[in-house]
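All of the numbers you see were taken from the coordinates with simple rules; none came from a lab. Quantities reported herein were computed from a predicted structural model and do not represent experimental measurements. Heads up, the Cβs are rebuilt from the backbone with ideal geometry, glycines too, and the neighbour counts pull from every protein chain shown.
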Amino acid sequence: MVKINEKSNWKEVTPGGTIYNTGNAAEFNTGDWRVNKPIFKEDKCIQCLLCAPVCPDSSIPVKDGQRLEFDYDHCKGCAICAEVCPVDAIEMVPEGQE
Amino acid sequence: MTEKYNFKQEMEKEERLTGGHRMCAGCGAPVAVRAVLRALEEDDEAVIGCATGCLEVSTFMYPYTAWKDSFIHNAFENAGATTSGAEAAYQSLKKQGKLANDKDHKFIAFGGDGGTYDIGFQSLSGAMERGHDMTYVCYDNGAYMNTGIQRSSATPRFADTTTTPVGTEKKGKSQYRKDLTAIMADHNLPYVAQTTFIGNFKDLHQKAKKAIYTEGATFLNVMAPCPRGWRYPPEKMMELCKLAVETCYWPMFEIENGEWKLNYKPKEKMPIEKFLEAQGRFKHITKSEKKDMIEEMQAEVDHRWEKLLIRCGEKEK
Amino acid sequence: MQIRWHGRGGQGAKTASLLLADAAFSTGKYVQGFPEYGPERMGAPITAYNRISDEKIRVHSNIYNPNYVVVVDETLLESVDVTAGLKEDGAIVVNTAKAGEKIREKLKGYQGELYTVDAREISMETIGRYFPNTPMLAGLVKVAEIMPENDFIEEMGNLFKKKFASKPEVIEGNVAALKRALKEVKTHG
Amino acid sequence: MSIREKLSGNEAAAIALKQINPDVMAAFPITPSTEIPQYFSKYVANGSVDTEFVPVESEHSAMSACVGSQAAGARTVTATSSCGLALMFEELYIASSSRLPIILSVVNRALSGPININADHSDSMGARDSGWIQLYSEDNQEAYDNLIQAVRIGEHEDVQLPVMVCQDGFITSHAIENIELLEKEVVQDFVGDYQAKEYLLNKDNPIAMGPYDTADYYMEHKYQQNRAMENAKAVIEKIAAEFKEISGREYDFFETYKLEDADYAMVVLNSTAGTAKAAIDKMRAEGKKVGLLKIRVFRPFNAEKLTELLKDIKYVAVMDRSETFSTAGGPVFHETSAALYPLAERPELISYIYGLGGRDVTIESVESVFNDLMEIEKAGEVKNRYRYLGLRE
């Protein structure tokens, strides 16, 4: 599908605004909203995964029973994950000062 | 049909709501959506309806959608009717053999408390009463957050909202909240439940699973905190949910084929003040000298809790 | 005079543009203050605008060639083209603790004047919480010479009294933030 | 082989819908269109259609469910009148902007208040700018024929717009008249199977519908709708030609009656056109050069064709069965005037508001309009351009 953007003309935008490549918000970066950044301390992590379901931005991927590095393209830095972590394996630092 | 909850396995499921949506940092609504959609079997397709509200405008801003499943937003007050129409189409096309039948389609509607308790109530009631094979999920954040924190019928009494502002004559909202979950139970639906985010989301997961995989119209009421509207630091989301449950402000229960069941009973009921003082919208009552408003609210919470205990057979009438 | 504010939802850039309009209005100017409305949420980049003039303002479009740009959140420099359309003889005021040359690196070849205000430090030390819009507003008033400093402080004091009628304890801190920002605006040529 | 029958307009509409055999009908009863979902429910109960009938709790939900259903990939229909159409108002815009070719059988009735159940066009005229194609029907035959053609017009790939087919409440909806029906198989061949290109239930390609559209995109989307409406003009003609092959009946944007050499003409739509034809016959017999232009397609409005047909007429009475309260005429008058404006020499146009809330229109009342036009010619000037027909003064 042709990439639609604010320069697209009336023939290029999709009829009715319907989107055919669902889930394409993944291409939109909300990581730059972040003022504070979560830092994953893998050495401290006990892989309890309690951080994963609380993320509003689906930014804590889990694979093979292990949480992986944050998806910083989408994480908005809300810190809910850091708050629920029982072992302080997530540290919040001001963006740009990690 | 309660299956064992394999938390780790559930967390590995592919996300059906992607990042890149424009909800506020720390918003509860996408957390609710992710949890509900995880209850879908991986092979099942879903058609998701959504009422206008924060969730809709922020997850589907042209040309981006965060939803991987088929999704339809129609208007504010008609997620119930719209989703019921899609479900009717499915029944018709399936019956006529016009669809490839190798995959099951599940129908899920999402609405905030504005789109569910208030403006969309008629449409919800109609769709549920007709018994479409669909699940309606309310993410209840207790006010019209999308338009700037106006009161809804789900807003707790005394809350300071932009249409029930605290002033010299008024102390926030005058009314207690509507008990929508009980009203939906009185529709005699096969499954109705109330829940929120607790621990590893077992309760929410199991309820979503039951709701989606029970044939007929089912209803789920999920409390989803709003840091902006409730005025608490965004990182405290899980704490707010816990306070709501431990104070019995937001009990967790379900009604399966008319049987009421309490899913969690605090060992010791926490005073409602604990829930109120965690939120800026109640600052005018928690920080004032007069405690009578808090006492009033406590009495109402107690009254509703007692009623629920009786309904759930936890207590003699 | 045309001003464009870059901030994030929830940080008060919109409020700052409205306060600026109020303050300038008190000096007898014609004013406009308006945000660009969209469904963006807390944390999302947002834009707000001001026009200030001695004549009645009739234009109702967005501002594409501002005389001044205010960046309330430094992290926006990475994602937003904040100097787009900024007039060569104009100026940009950025909320940062960083050195001027560090900031200029991010301004995509912009040659005009650059000012900085450490709104985080000022806000934390005077108001006790992070409200960058108050110091940034003062910074802009100073840089753009919108009104005499004393008049500005007096007028803002009046506005805060109205705005914070229910929490008078924050007025003093906000006024202090303005005063400090007026003094601490740094110029970087 | 056509089938000769005697049917009310509502029966004709219901039979058209039965023969179309849609996948879904979602409806809520309202006088005078109530019979349509009633008849249809009977077809569902007896298995003579494959349709899923959704008995919703309001017209708003009716159109909402139609949007959900058509978006899911099902051919979807509904019926309504008056306040029901008004309650759908928001949804009409969403249906058309979502490019969903839903079919709506409108039985025209006055809007409240005061409450009134009889015919006028304030309901569908209020919806004229909602992005729906609008077809108007003089009698039961046209209501039937228009509904069948509507399916092909709306679903055409160059169009993809919803269509409402209007007829007058009680006057035609409840009057038994002769009609020629097509064989069910002929209709089904004509409308064919519906296959949406992109739809919610397509398991291989999920889609998302109904976005938040910012100022960066909204106008482009509106212009697409505008172009679809423009495309509908050729499609309407093409479908009419095909329909003629199966029915022998001719349809166009407009129907004229003794207009060619007329000096005085009336522009009108729906049932009054028939009464006007009778009045014209009577007056022609008296040697008066009167004629009729009946509007069948009000959206899209074919201004070019209308101009061509009216340009040589001296005096034209434009009849509106609805008010705009502009104090400067009704919607049909406005659009007719606008269409004729570019002409260097234009007919003299007079606006008549008539028949509101079911006020009867007789041969005599039509005659009085033509007589007014002749009076105006005699007087050499128009004293009152905006008139009410049959008002007690």
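Observations on the structure shown:
- Magnitude of the charge dipole, segment B:7-312, Cβ model with Lys/Arg +1 and Asp/Glu -1, debye to 20: 620 debye
- Positive-end extreme of charge dipole, chain A - chosen from A:N29, A:C48, A:A79 (charges on Cβ): A:N29
- For chain B: rounded, prolate or oblate by the Cα gyration tensor [a/c cutoff 1.5]: prolate
- Segment B:1-61, Rg to Rh (Cα coordinates; Rh as Kirkwood inverse mean 1/r): 0.99
- With 28 Å as the limit on Cα-Cα distance, the pairs of C:K87/C:K161; B:K178/B:K236; B:K173/C:K167; B:K261/D:K203; B:K236/B:K267 that go past it are C:K87/C:K161; B:K261/D:K203.
- Average Cα contact separation per residue, chain D, under 8 Å, 6 or more apart, as relative contact order %: 16 percent
- Chain A, relative contact order [Cα under 8 Å, separation at least 6], %: 34 percent
- Only lysines eight or more places from D:K244 in sequence, or on another chain, were considered; those with a Cα closer than 27 Å are D:K6, D:K18, D:K184, D:K233, D:K258, D:K277, D:K294, D:K305.
- Per-residue Karplus couplings for segment D:242-250, computed as 6.51 cos²θ - 1.76 cosθ + 1.60 with θ equal to phi - 60°, are listed in order as 5, 5, 4, 5, 8, 10, x, 9, 9 Hz, Gly and Pro entered as x.
- Here's the list of aspartates and glutamates a cross-link from A:K3 could span, going by alpha-carbon distance under 17 Å and ignoring same-chain residues fewer than 8 apart: A:E12, A:E27, D:D213, D:D216, D:E220.
- Judged by the ratio a/c of the largest to the smallest principal axis of the C-alpha gyration tensor, chain C counts as rounded, that ratio being less than 1.5.
- With Cα atoms as the point set, the protein assembly as shown shows a radius of gyration and Dmax of 32.5, 104 Å.
- In this Cβ point-charge picture (+1 for Lys and Arg, -1 for Asp and Glu), the protein assembly as shown has a dipole of about 2280 debye about its Cα centre.
- Kirkwood Rh (inverse of mean 1/r, distinct Cα pairs), chain D, angstrom: 21.4 Å
- By the count of neighbouring beta-carbon atoms within 10 Å, fewest first, D:Y251, D:Y352 end up ordered D:Y251, D:Y352.
- Across segment C:126-132, coupling constants 3J(HN,Hα) worked out from phi with the 6.51/-1.76/1.60 Karplus curve, θ = phi - 60°, read 9, 8, x, 9, 8, 10, x Hz, and Gly and Pro carry x.
- Debye-sum result for segment C:68-154 in log10 I(q)/I(0), which assumes one identical scatterer on each alpha carbon, at q = 0.13, 0.18, 0.21 Å⁻¹: -0.42, -0.78, -1.01
- Computed from backbone phi, the HN-Hα couplings of segment C:183-189 come to 6, 9, 4, 9, 9, 10, x Hz, rounded to whole numbers (Karplus: 6.51 cos²θ - 1.76 cosθ + 1.60, θ = phi - 60°; Gly and Pro given as x).
- Among the listed pairs D:K222/D:K311; B:K171/C:K29; C:K56/C:K142; A:K7/C:K106, those whose Cα-Cα separation exceeds 29 Å are D:K222/D:K311; B:K171/C:K29.
- Three-way shape label, segment A:21-98, alpha-carbon gyration tensor, a/c 1.5: oblate
- Residues with amide H under 5 Å from that of C:A44, placed H, sequence gap 5 or more: C:G9
- Per-residue ellipticity at 222 nm from helix content only, as computed over chain D with -39500 (n - 2.57) for each DSSP H run of at least four residues, stands at -12500 deg cm²/dmol.
- Shown for B:F219, A:F70: other C-beta atoms within 10 Å of each C-beta, ranked fewest to most, produce the order A:F70, B:F219.
- Segment A:12-58 and segment C:1-75 have Cα centres lying 30 Å from one another.
- Bridging of B:K307 to aspartates and glutamates at a Cα separation below 14 Å is possible for B:D179, B:E316, once same-chain residues fewer than 8 apart are set aside.
- The ranking of D:D168, B:D179, B:D44 from fewest to most other beta carbons within 10 Å of each one's beta carbon is B:D44, B:D179, D:D168.
- The relative contact order of segment D:1-158, computed from alpha carbon pairs under 8 Å that lie at least 6 residues apart in sequence, is 25 percent.
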